[in-house]
Amino acid sequence: MVTATAAVGATTAVASGAGSLAAAAYFARKVLTPDRHRPDDVVIRAAGSSSVVLEVTPETVVPGRYGLWIEDGFGHVRLGDVLGVDTASGTVERELVAVDRGYLAPGPARWNPYYYGAPPDVSIGAPTEHVTYAGELGPMPAWLVPAEQGDGSRWAVLVHGRGARREEAVRALPPLLAAGWMCLVPSYRNDEGVPAGPDGRYALGLSEWRDVDAAIEHALEHGAREVLLVGWSMGAAIVLQFLDRSPLSSLVSRVVLDGPVVDWGDVLAHHAKQHRMPAHVGSLARAMMARRWGHRLVGVHEGVDLAKTDWVRRADELHHPLLVIHSADDEFVPVGPSRALAEVRPDLVMFEEWDVARHCKEWNTDPQRWERVVREFAT
């Protein structure tokens, strides 16, 4: 009886361990794997000349300016504020600002958190050069938007977030251009249409910073003498790694971080909790990312050590003035580490906290405030 009980216990432990390992590997892969397919996530119920009726989702009822990709992404419309919510039908009516391209009709669509859905010349009428710079893995496309004034020596480099598009940066251009900054919006590895990393996985900033380094090298070759960096979400994590690792970081005079990942460990713990994942599985996923024994299971060539991404713990290693913009209602990247960073480095960090706005949508809910604080910081 004792032997049988011990055998059952050992078998259960092995099965439990194997299940935890599989769950941890799956979780780690989800975090590190680019999302190649972006499915429609909104349903248009009705479309008029001045408003659109959508099914209610957590995104569609938040006030502010947003966009919709329609016709499988070939079309785009811009939406304004909420006009009304019908709880009985589960619908929300929003202002229709413009149909940029395509035919707006009832049916599926995809929410666009950037508001704009095209390069700067099309979206905001800013003259734009479509340039290519030499990245570590091959040619990388970028948008270059000349400043409205100045001698061309001050360049802002704007880095989009994980799985996002360069259009994410368009809404930030007007205050920077007005302050005299040339604006470069680069790509980085694993973006659509650019070279992938050796393993096709994100490194959460630990390798992507080298593509930003190459973009700034391009800026230097074309007259840059001072650099301002802007990063959203994982783009902020990339910027922070660049500041730590690149010899070119001495050229950076100031940094703007929007909805930043200041600590990837905190973000992963948040998502593990949301998915009701046991704490030990989340810890195992972190270990698999970082340790050589887990690389094959996770599918990475280089270790992804999340300890290197904890800038609250590493706060004394920061040397650049930071404007941190983060919403208390950010559902994807919790605001806690941003608050903590501002508390431990008040000498460097100017912290602007929003509410209501979801992840990286502070501009959307209050563009006047966003542009004011960025313009003042950039000036």
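Residue pairs whose Cβ atoms lie under 6 Å apart, sitting 6 or more positions apart in sequence or on different chains, and linking a residue in segment 185-206 that is of a type in the set (Val, Ile, Thr) to a partner that is assigned to a loop (DSSP other than H, G, I, E, B), are VAL194/SER187. If you check VAL252, VAL227 for being touching a residue at least 60 places away in the same chain (Cβ under 8 Å), surrounded by fewer than 21 Cβ atoms within 10 Å (Cβ to Cβ), in the same structural domain as PRO139 (by TED's automatic domain parsing) and touching a strand residue (DSSP E or B) at 6+ places or on another chain (Cβ under 6 Å), only one passes: VAL252. Taking the criterion of being assigned to a strand (DSSP E or B) and either under 22 Å from the mean Cα position of the chain (by Cα) or within 18 Å of TYR103 (Cα to Cα) (or both), the residues of segment 53-79 that qualify are VAL53, LEU54, TYR66, GLY67, LEU68, TRP69, ILE70, GLY75, HIS76, VAL77, ARG78, LEU79. Selection of segment 26-52 for residues being among the hydroxyl-bearing types (Ser, Thr, Tyr), in a loop (DSSP other than H, G, I, E, B) and surrounded by 12 or more Cβ atoms within 10 Å (Cβ to Cβ) yields only THR33.
For segment 122-136, give me each residue that is without any contact (Cβ under 8 Å) to a residue 24 or more places away in the chain and farther than 19 Å from TYR66 by Cα.
Let us first name the residues in segment 122-136 that are without any contact (Cβ under 8 Å) to a residue 24 or more places away in the chain, namely 122, 125, 127-130, 132.
Correct list: PRO127, THR128, GLU129, HIS130, THR132.
Counting only residues that are aliphatic (A, V, I, L, M) and farther than 20 Å from LEU306 by Cβ, which one in segment 180-209 is nearest to the chain's Cα centre (by Cα)? It comes out as VAL185.
The values are calculated or read from the model by the stated rules, or taken from the named source; none is laboratory data. Since the model is a prediction, treat every value here as computed from it, not as a measurement. We place every Cβ from the backbone using ideal geometry, glycine too, and count neighbours over all the protein chains shown.
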